[in-house]
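Report on one structure; see the data block that follows.
The values are calculated or read from the model by the stated rules, or taken from the named source; none is laboratory data. Computed from a predicted model, the values in this text were never measured in an experiment. Cβ: placed from backbone, ideal geometry, glycine included. Neighbour counts: every protein chain shown.
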Amino acid sequence: MNVLSFQKQLREYAKTIGIDKIGFASAAPFIDLKQRLIQQQQLNYQSGFEESNVELRTEPTLLLEEAQSIVAIALAYPSKMVDAPQGKKGARRGIFCRASWGVDYHIALRKRLALLEEFIQENFPGGRTKSMVDTGELSDRAVAERAGIGWSGKNTNIITPEFGSYVYLGEIITNIPFEPDEPMEDECLDCRLCLDVCPTGALIQGGQLNAQKCIAFLTQTKGTLPDEFRSHLGNRIYGCDTCQTICPKNKRKHNLIHEEFFPEPEIAKPLLEPLLTISNKQFKNEFGHISGSWRGKKPLQRNAIYALAHFKEESAIPTLEEVLKKDDRPVIRGAAAWAIGKINGEQSLAILQQALQVEKEEEVILEIEKGLAFIH
């Protein structure tokens with residue numbers, strides 16, 4: 001079969017299954033990326049969620065022996081929430097980042113990649129494929145950049161002319177020698193807004209991120225959050241969009257295209273206080289279908305507690321006291337103690353002094369003492 005003719009068919013088919021952009025790249029090793037990844041590891045800038053083997057991340061033939069091309073796809077997701085509920089005193093709300101609105105994007109992308117693979121195998125004799133999304137070995141952004149989906153912005157996101165950086169990415173390695181697309185010119189130019197507004201200074205320089213300081217990463221960790229980052233969370237309970245919302249290339253990019261990604265307002269901006277006592281079953285029923293639930297409820301509950309402290313929400317103190325007294329997880333008890341002190345309501349001192357008398361865990365005692373320091 002003629003490869004160019006089949007490539008055209010594949011582009012057309014991609015449109016019919018709801019893929020917003022498709023591009024083709026060589027499966028040659030990602031030499032520049034390899035050096036950057038090695039440097040990231042040396043500096044301890046990686047999150048730990050990604051594949052640790054640099055060879056696997058940069059050499060497609062290790063993943064598919066006869067690899068000749070990589071097919072990159074992008075799906076646009078919304079940046080705007082219609083009828084977003086407003087938090088208020090006594091009913092404060094948290095926020096999930098836009099990439100966690102609607103159905104889990106891993107499911108949506110895998111479904112489309114599976115259809116593409118099926119189309120390839122049915123219509124191109126001898127065509128072999130291996131697909132991946134997010135947690136796969138290859139760097140989705142490096143593949144998308146090479147395939148002309150968009151350019152790699154200073155905020156480390158792929159930025160497309162059509163949808164801004166609000167795109168999910170996935171790819172298929174194949175043994176078919178597709179004609180590669182041209183990479184795009186970098187259009188960030190002298191702009192450095194994302195670098196200037198990053199709340200924790202996680203963007204070290206254009207295109208370099210220290211994931212250990214990135215709020216999007218920190219909201220997904222399970223331990224006690226270091227003190228210096230707590231005040232930067234605001235009401236974020238999962239992810240961070242600051243470096244995207246400030247980007248001029250995202251202006252007026254609402255991307256209300258795929259209904260499956262439309263936010264459910266009460267899920268995307270949930271009330272904070274009910275999160276503190278939600279059962280595992282309730283959590284799974286309400287939040288289990290979104291990507292922001294992948295780490296379980298513990299990090300989200302911890303972040304919700306910090307958010308209540310951010311708002312100095314005195315009405316939440318009875319619930320926080322209940323958590324401090326009864327929750328069996330030291331991280332959550334500690335967060336509650338810190339928040340009670342930070343809010344500094346009428347009962348805070350008595351609650352923390354009483355907790356100090358009975359608490360056995362060192363890490364929780366430390367948080368109680370931090371809470372008391374806000375009051376004294």
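Of note:
- 1 or more residues buried (at least 18 other Cβ atoms within 10 Å of the Cβ), modelled with pLDDT of 95 or more and among the basic types (Lys, Arg): qualifying helices (runs of 4 or more DSSP H) within segment 287-376: 297-311, 330-343
- Here the condition is being closer than 23 Å to Trp101 by Cα, in contact with a helix residue (DSSP H, G or I) (Cβ under 9 Å, 6 or more places away or on another chain) and of a type in the set (Asp, Glu); of Glu264, Glu321, Glu313, Glu286, it holds for Glu286 alone.
- Checked against (1) in contact with a Cys (Cβ under 9 Å, 6 or more places away or on another chain); (2) buried (at least 23 other Cβ atoms within 10 Å of the Cβ), Gly170 passes all but a single condition, namely (1).
- Of all residues in segment 126-164, those satisfying the criterion of being small (Gly, Ala, Ser) and either buried (at least 22 other Cβ atoms within 10 Å of the Cβ) or assigned to a strand (DSSP E or B) (or both) are Ser131, Ala142, Ala144, Ala147, Gly150, Ser152, Gly153, Gly164.
- Residue identified as in contact with a Ser or Thr (Cβ under 6 Å, 6 or more places away or on another chain), surrounded by fewer than 19 Cβ atoms within 10 Å (Cβ to Cβ) and touching a residue at least 60 places away in the same chain (Cβ under 8 Å) among Asp181, Asp104, Asp83: Asp104
- Within segment 29-49, the residues that satisfy the criterion of being within 16 Å of Lys213 (Cβ to Cβ) and part of a loop (DSSP other than H, G, I, E, B) are Asn44, Tyr45, Gln46, Ser47, Gly48, Phe49.
- The lone criterion from (1) more than 23 Å from the chain's Cα centre (by Cα); (2) part of a loop (DSSP other than H, G, I, E, B); (3) not small (Gly, Ala, Ser) left unmet by Glu122 is number (2).
- Test: Glu273 is surrounded by 14 or more Cβ atoms within 10 Å (Cβ to Cβ), touching a Leu at 6+ places or on another chain (Cβ under 9 Å) and among the charged types (D, E, K, R): yes
- Once segment 81-103 is narrowed to residues that are of a type in the set (D, E, K, R) and modelled with pLDDT of 95 or more, the residue that is farthest from the chain's Cα centre (by Cα) is Lys89.
- Just so you know, in segment 11-68 the residues that are at pLDDT 90 or above and touching a Phe, Trp or Tyr at 6+ places or on another chain (Cβ under 7 Å) include one that is surrounded by the fewest Cβ atoms within 10 Å (Cβ to Cβ), and it is Tyr13.
- Of the residues screened, Thr61 is one that is among the β-branched types (Val, Ile, Thr) and closer than 17 Å to Met132 by Cα.
- Checking Glu118 against (1) more than 29 Å from Lys284 (Cα to Cα); (2) surrounded by 14 or more Cβ atoms within 10 Å (Cβ to Cβ), the condition it does not meet: (2)
- Tabulated pairs, segment 121-135, first over 14 Å from Ala108 (Cβ atoms) and among the aromatic types (Phe, Trp, Tyr), second in a strand (DSSP E or B) and modelled with pLDDT of 95 or more, C-beta under 9 angstrom, 6+ apart or interchain: Phe124/Thr174
- Matching entry among Gly148, Gly94 (being within 17 Å of Ala216 (Cβ to Cβ) and either touching a residue at least 24 places away in the same chain (Cβ under 8 Å) or of a type outside the set (S, T, N, Q) (or both)): Gly94
- Search result, residues across segment 50-66 that are within 30 Å of Pro161 (Cβ to Cβ) and not in a loop (DSSP other than H, G, I, E, B): Arg57, Thr58, Pro60
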